[in-house]
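K.L.:
One structure, as structure tokens, below. Some questions next.
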2 protein chains.
Amino acid sequence: MKKLFTALLSVSIACAHAQTTDSVAVRRIYSEALANGKSYEWLRYLTKQIGPRLSGSEGAQKAVDWTKQVMEQQGFDRVFLQDVMVPHWVRGAKEEAFIKNGNQKTTVPIAALGGSVATGPKGVEAGVIEVKSFPELRAMSPDKVKGKIVFFNRPMDPTKINTFEAYGGAVDQRANGATEAAKLGAVGAIVRSMTNVHDDYPHVGGMRYATGVPLIPTAAISTNGADLLSKSLAENPNLTFYFKQNCETLPDAKSYNVVGELKGSEKPDEIIVVGGHLDSWDLAEGAHDDGAGCVQSIEVLRILKTLGIKPKRTIRAVMFMNEENGLRGGVQYADLAKKNNEKHIAAVESDNGGFTPRGFGIVGTPAQREKVNPWKPLLAPYGLTEIGAGSGGADIGPLAQLGTVLFGFKPDSQRYFDYHHTMVDRFETVSQRELELGAASMAALVYLLDQHGL
Amino acid sequence: MKKLFTALLSVSIACAHAQTTDSVAVRRIYSEALANGKSYEWLRYLTKQIGPRLSGSEGAQKAVDWTKQVMEQQGFDRVFLQDVMVPHWVRGAKEEAFIKNGNQKTTVPIAALGGSVATGPKGVEAGVIEVKSFPELRAMSPDKVKGKIVFFNRPMDPTKINTFEAYGGAVDQRANGATEAAKLGAVGAIVRSMTNVHDDYPHVGGMRYATGVPLIPTAAISTNGADLLSKSLAENPNLTFYFKQNCETLPDAKSYNVVGELKGSEKPDEIIVVGGHLDSWDLAEGAHDDGAGCVQSIEVLRILKTLGIKPKRTIRAVMFMNEENGLRGGVQYADLAKKNNEKHIAAVESDNGGFTPRGFGIVGTPAQREKVNPWKPLLAPYGLTEIGAGSGGADIGPLAQLGTVLFGFKPDSQRYFDYHHTMVDRFETVSQRELELGAASMAALVYLLDQHGL
């Protein structure tokens, strides 16, 4: 009994000691990020000096070269590229669009959706059918839709507290609207921008064509433009809409994931990934989406190295290529991990913007999620109060098949879709402190994952 | 035993029922705020059409008239003014300041602190003593300080997670720097702006003179200006600093608190206050400080009324006057409450900006704080995860002496001091969703306070 007591006592002392050590380390991590952080200046360079970096573009290549160089300058143990072939879609000349209502032409802001075909040089002009959902469209007689432009105008639900949930409830229109419209013989699809804000920016994003269905051109229209079109249709259902877009899909291009590594001192074969995606939409500087996630991931390794925290396991910062229109980088990373028999115990992704931290979503078994519970009191003082089952991240998603536990960094979601996939996703909309707190939060989680495993 | 069981069961069913009813009401409150909210358009008017509204100014009077009118138009049961005499400090012509280093004059942005005296028409030019703290200053020989300008240059600590804590650790320089400098014979006091950002705006705010000490002029200098001054002093300790300011304290002016009321149906004599302050600094539109708190408070009553939620107790939205440089409105409100024998059970203030909600600070007894515990699961899904002992609010502070439980709305603090007391505290820095979520959070708390008392 006495022995048991002694054993329990020593375990309990050891635990208390670990908690204290962890608590001190977490505090040091936040202080380093907030007092000496580098992520903000890196983000300034990535957005202002490099700018848009859609897969296959010159910007994307510059971003590969530059992030590699930054990580080399930081003296990480290893920095390397992973080849990956990526889709290469280009917008071409700026789109044109107007509502033609009797003799009146009103220009509205549109932008081709990523992956769309062009309209041809004369553009497309047709009558408009406005719908709020696929069931509403499918219930229509093809006669009514044939030769028309289908206008998908279901807004994101403003009453959802988490804006990603509202996005999830509307984005089918953007992803599959063209296909659904084409099935009924439409000649084009115009989609209300995915945002809660009333603005004049088309919010673009990826779309897909289904096989066996005609490829019709599709574009995003700004929310103000959508409201105007809807109002005009209510007044005159026979108005026409004209749009011209000049986009094109070129042959796949060669690109890269960029990887920086701190080698583990005790279990170098166990790998923890922290990452974001390096590509952005062509209209955006990609500050929140996802320059933030990239610079935060590099910052995680910098903080650990600067503080002299030698990881037991191998920590990798990964800049994934092609999240926006293909996910080829994420798939390639997991394929190589499998091929090379690498053991990835955990992966953390930041791809929800450089906003103030709220927590982490976890994709793993209940037992794995429970392992995280003792860390919650260590993270709560830093505003990380929402830690539990949730989403990981698109790029790290393919690692799930290898048994990797996925963590999605959850910053506050309220402003994300104000900027998402537009020309206003720029450096000036990022708060330095919010960005740095995000980097520190990721570093704290990586530290705990490294210390205690999963 | 069976009776006890039946009794327990019925209590438990009643509790579950109340929780369900509350949960539905809270959800309706958030949906109304997010789908049909009025706070954002009200804030646009208050900031863009009325603008700065320092106590005693024309803007303050316009804000009184307009908020009264808004609440009357909403059809609240009663809208009334409370007279209050307020300090009337005016800035006068824009300040001038430069660093004179040899033959080189470099202009730097300064602004007189609220309550400061002027320099006289010729301004003040003197050598500069830079200090980081009062102890450092007090340790100096008066010979060294006499005839000089004292430059208080201790930054806000960037490693504090909550920026209000960092503010609290630096603001003594602004409030009492002039007095401490004057005690040693200084002729002026220049204070580093209270912000974590490196910018070119003087962040102003109130200061106080102690009795029996000479009144010397004092101003805020932008953080970039402070960094430049500090660097210049390191190079040349004998440089001089010149500043001229033209501010003046006029006789007290008549002003008002503005109060709107929904009458309680069951306990009309029990009052719940929800409020913000209507005055702002003269350089600022006062969007976050504290236009946000005012429009959110009006919105709380509008939401309850619109949803047909008839409060049991009397709910008052109070626009307090003169928080910034006197707190006369808050003191007057509590004095009148005492004089009229009003029973104020709770008061909620929003004066920390229109940012995304994190929780509420509570000033009350442990037993009172415990009464709030059952509400926490109702509020957590809306991001209100930080509810516990904390700060209330300056304006509602004087109600504490009447036994009122105080609640300080806690939005995320990261961006507040980017804008605080400057010309960039403007409408464009407010996110509509963040503002509306704040209004809904306050309405939800007021609803629960009204339903269950304290």
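K.L.:
Which number in (1) open to solvent by 10 Å² or more (accessible area, probe 1.4 Å); (2) in the same structural domain as A:Tyr167 (by TED's automatic domain parsing) marks the one condition that A:Pro268 misses?
P.N.:
(2)
K.L.:
Now for a separate question. Is one or more of the residues making up the stretch A:184-195 surrounded by fewer than 17 Cβ atoms within 10 Å (Cβ to Cβ), within 23 Å of A:Gly127 (Cα to Cα) and more than 14 Å from chain B (Cβ to nearest Cβ)?
P.N.:
yes
K.L.:
For the stretch B:69-86, enumerate the residues that are loosely packed, with under 13 Cβ neighbours inside 10 Å and assigned to a loop (DSSP other than H, G, I, E, B).
P.N.:
Of everything in the stretch B:69-86, just one residue is loosely packed, with under 13 Cβ neighbours inside 10 Å and assigned to a loop (DSSP other than H, G, I, E, B), namely B:Gly75.
K.L.:
When you scan the stretch A:136-153, do you find a residue that is more than 27 Å from A:Phe409 (Cβ to Cβ), small (Gly, Ala, Ser) and without any contact (Cβ under 8 Å) to a residue 24 or more places away in the chain, even just one?
P.N.:
yes
K.L.:
Taking only the stretch B:272-288 into account, find how many residues are open to solvent by 10 Å² or more (accessible area, probe 1.4 Å) and assigned to a helix (DSSP H, G or I).
P.N.:
The total comes to 0.
K.L.:
B:Pro411 versus (1) within 14 Å of chain A (Cβ to nearest Cβ); (2) in contact with a strand residue (DSSP E or B) (Cβ under 9 Å, 6 or more places away or on another chain); (3) more than 24 Å from B:Arg426 (Cα to Cα): which is the lone unmet condition?
P.N.:
Every listed condition holds for B:Pro411 apart from (3).
K.L.:
Moving to a separate point now. For the list (1) out of contact with any strand residue (DSSP E or B) (no Cβ under 6 Å at 6 or more places or on another chain); (2) not in a helix (DSSP H, G or I), I need the number of the one condition that B:Val204 fails.
P.N.:
Unmet for B:Val204, out of (1) out of contact with any strand residue (DSSP E or B) (no Cβ under 6 Å at 6 or more places or on another chain); (2) not in a helix (DSSP H, G or I): (1).
Residue-by-condition table, conditions (1) over 18 Å from A:Tyr382 (Cα atoms); (2) open to solvent by 50 Å² or more (accessible area, probe 1.4 Å); (3) in contact with an Asp or Glu (Cβ under 8 Å, 6 or more places away or on another chain); (4) not assigned by TED's automatic domain parsing to the domain that holds B:Gly361:
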| residue | (1), (2), (3), (4) |
| --- | --- |
| B:Met140 | yes, no, no, yes |
| B:Asp143 | yes, yes, no, yes |
| B:Lys146 | yes, yes, no, yes |
| B:Ile149 | yes, no, no, yes |
| B:Ile161 | no, no, no, yes |
| B:Tyr167 | no, no, no, yes |
| B:Val171 | yes, no, no, yes |
| B:Arg174 | yes, no, no, yes |
| B:Ala178 | yes, no, no, yes |
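K.L.:
For the stretch A:19-31, which positions are within 28 Å of A:Glu428 (Cα to Cα) and either surrounded by 22 or more Cβ atoms within 10 Å (Cβ to Cβ) or modelled with pLDDT under 95 (or both)?
P.N.:
A:Ile29, A:Tyr30
K.L.:
Moving on to the next point. Restricting the search to the stretch B:218-246, which residues are open to solvent by less than 10 Å² (accessible area, probe 1.4 Å) and outside any helix (DSSP H, G or I)?
P.N.:
B:Thr218, B:Ala219, B:Ala220, B:Ile221, B:Ser222, B:Leu239, B:Phe241, B:Phe243, B:Gln245
K.L.:
Can you pull out the residues in the stretch B:131-183 that are within 14 Å of chain A (Cβ to nearest Cβ), touching a Gly at 6+ places or on another chain (Cβ under 9 Å) and of a type in the set (D, E, K, R)?
P.N.:
Result: B:Asp157, B:Lys160.
K.L.:
Right, here's the next one. Taking the stretch A:429-454, which residues are assigned to a helix (DSSP H, G or I), open to solvent by 10 Å² or more (accessible area, probe 1.4 Å) and either away from chain B (no Cβ under 12 Å) or farther than 23 Å from A:Asp282 by Cα (or both)?
P.N.:
A:Gln432, A:Arg433, A:Tyr447, A:Gln451, A:His452 - these are the residues of the stretch A:429-454 that are assigned to a helix (DSSP H, G or I), open to solvent by 10 Å² or more (accessible area, probe 1.4 Å) and either away from chain B (no Cβ under 12 Å) or farther than 23 Å from A:Asp282 by Cα (or both).
The values are calculated or read from the model by the stated rules, or taken from the named source; none is laboratory data. Keep in mind that this is a model prediction, so the values were computed, not measured. Ideal geometry is used to build each Cβ from the backbone, glycine not excepted, and the neighbour counts take in all protein chains shown. Accessible surface is based on the protein model in full, side chains and every heavy atom, while ligands, DNA and RNA are left aside. Shrake-Rupley method; radii C 1.70, N 1.55, O 1.52, S 1.80 Å.
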